Amino acid sequence: MNLNERDSQTENSALVAACLQPSVWIDWQDPKVFSCAQSLSVGVGDPLALVQRCYEFVRDEIPHSVDAQLTPITCRASDVLRHGTGFCFAKSHLLAALLRAHQIPTGLCYQRLRFNENEADSPLSLHGLNAVYLPEYGWYRLDPRGNKPSVNAQFVPPVEQLAFSLQHPGEADIPGIWPDPLPGVVTLLTRHCSVDSVIKALPEVEVPAL
């Protein structure tokens, strides 16, 4: 093993450990979150099947705030579960919490996408999703945003099938996996009270360097 490989392994071990911890926003030790996580594991013996079940629960059973035009605006994982709705970021916080409750390392990652997927000149805005550490495959991205006619995200490791592909100028996968939400995401979701106001503020969210 060379020095770079050792450093890389050390960094990954630190990231894995960080992506297991509870936090203010990924509060997997909340009784309702923990209970939900345990209920999702009933009858599931395979870790990959457990990840899929938790993923599909958040993807399918927690409506995206824009699709359903639902409030309140949520950020904390327990609030997403309690109110049954969230933007992409909030839904990723809940999925991270459910998987961390099972000691499955799960972090947050981001994309820059055109807000209107059919318009190449619409504003760029931030999109949030997850990365889960699977021993068989390493870090694997999955997107619990919620499917609709134009979106078909699935859990099919090792292949990534995300909600959105990069197709317009300026769109990008933002490198890195974060154990906790970006400060700008927390500000966005805690300062705004309506779906429309969050949408208007989306292009302003900045991503600091790791």
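Where a number appears in this text, it was derived from the coordinates with a stated rule and is not lab data. Bear in mind that the values here come from a model prediction, so they are computed numbers and not experimental data. For neighbour counting, all protein chains shown are included, and Cβ atoms are generated from backbone atoms with ideal geometry for every residue, glycine included.
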Work through the residues other than Leu48 whose Cβ is under 13 Å from its Cβ and net out their charges, Lys, Arg +1 and Asp, Glu -1.
-> -2
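Listing Tyr55, Tyr140 from the residue with the fewest other Cβ atoms within 10 Å to the one with the most, what is the order?
Sorted ascending by nearby Cβ count, the order is Tyr140, Tyr55.
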Given only helices, namely DSSP H runs of n ≥ 4 each adding -39500 (n - 2.57), what is the per-residue ellipticity at 222 nm of the chain, to the nearest 500 deg cm²/dmol?
-> -11500 deg cm²/dmol
With a point put 7 Å past each Cα toward its Cβ, work out how far Gln29 is from Glu56 in nm, to one decimal.
-> 3.2
With a 10 Å Cβ neighbour count serving as the proxy for reagent exposure, in which order, fewest first, do Val185, Val51 appear?
-> Val51, Val185
Scoring only Lys, Arg, Asp and Glu (+1, +1, -1, -1) among other residues with Cβ under 13 Å from the Cβ of Asp60 yields +1
Pairwise FRET efficiency - His168 versus Asp67, Cβ, R0 = 25 Å, nearest 0.05 = 0.75
